[in-house]
């Protein structure tokens, strides 16, 4: 056996149309194994949109006039802020195809999702950056104020700020998926994602913990193994984290948003429809997947070949 000695003359029993479908972790690892290289490629595409942030550090060191440096930093930050949302929408569009097990061309569908959702995604991206900046500012300001005035009351707005940031993170699990899967208005996207953040709170917390664990590993690599961090960062972390979020969250969207929409119309959600269900029961040919016997190899020998 092996790559170059594989037996192509034999055939297995095929795949039965009624074979049990994988669920949970089994399905997660099955999809991840099949799409791992596409996920890596998707991470590279997403990583490109972080270049403005990466360029901010050398800009501080090498651009000496303060007013020029501030201007360059502002432009780089603006480019990042406007584009990070659409880039996440593009990645989400491809991730959704992975999860519902539909064929996708990574680069084409990524930029298609980027362009189609640019306006809505840009607004969400700007809001996300503002929430992140507020949480970071609160982390740096409120503890100092509490120590300065010797009052724990300043921890109340800190907790409130972090709570809002956490809800915003959980809303992101849904808002980009709904953005790429439906034609809901921005108002309804925000409203539905806010509701789903609490409807599936337990699941959202599990997703967040998994992402935090992966993020913590990346921080450790950044602090203690910079070369390894620089090697891994362009290929997997962001896309893997987002794959986990999309895999855990999309069934919730199907249950509470997409399925009710088709049920109201008296139709079956096409994302869940089995192609075999569309075939008439009285067909001329029967699907024998899983029933046929393996094909035995033809004995090799000399003589004429009869066609």
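No lab work stands behind these numbers, since they all come straight from the coordinates. None of these values were measured; they are calculated from a predicted model. Note: ideal-geometry Cβ built from the backbone for every residue, glycine included; neighbour counts use all protein chains shown.
In whole angstrom, note down how far apart the Cα centers of segment 185-229 and segment 34-70 are. For segment 185-229 versus segment 34-70, the Cα centre distance is 21 Å. Put simply, when 186-194, 210-218 are sorted by average Cβ atoms within 10 angstrom per residue, most first, you get 186-194, 210-218. When each of 28, 97 is scored by the number of other beta-carbon atoms lying within 10 Å, the sequence from fewest to most is 28, 97.
For the pair residue 37 and residue 74, what calculated FRET efficiency results from E = 1/(1 + (r/R0)^6), where r is the Cβ-Cβ distance and R0 = 41 Å, to the nearest 0.05?
0.65
Which of rounded, prolate or oblate describes segment 113-205 when judged by the alpha-carbon gyration tensor and an a/c cut-off of 1.5?
On the way: a/c = 3.83, a/b = 2.10, b/c = 1.82.
Note, shape of segment 113-205 comes out prolate.
Highest average first, the peptides 34-45, 219-230 ordered by how many other beta carbon atoms sit within 10 Å of their residues are 34-45, 219-230.
One decimal place: the segment residue 219-residue 182 gains 9.8 nm when fully extended, by the rule 0.36 nm per residue minus the C-alpha distance. Put a dot 7 Å past the Cα of residue 56, heading toward its Cβ, do the same for residue 259, and the two dots end up 4.2 nm apart.
Arranged from fewest to most other beta-carbon atoms within 10 Å of their beta carbon, 96, 108 become 108, 96. Based on the convex hull around the alpha carbon atoms, segment 25-271 presents an average projected area of 16.3 nm².
Counted by neighbouring Cβ atoms within 10 Å, the residues 30, 183, 128, 259 run from fewest to most as 183, 30, 259, 128. For the peptides 158-171, 242-255, 68-81, the ranking by packing is 242-255, 158-171, 68-81, with the highest mean count of neighbouring Cβ atoms within 10 Å listed first.
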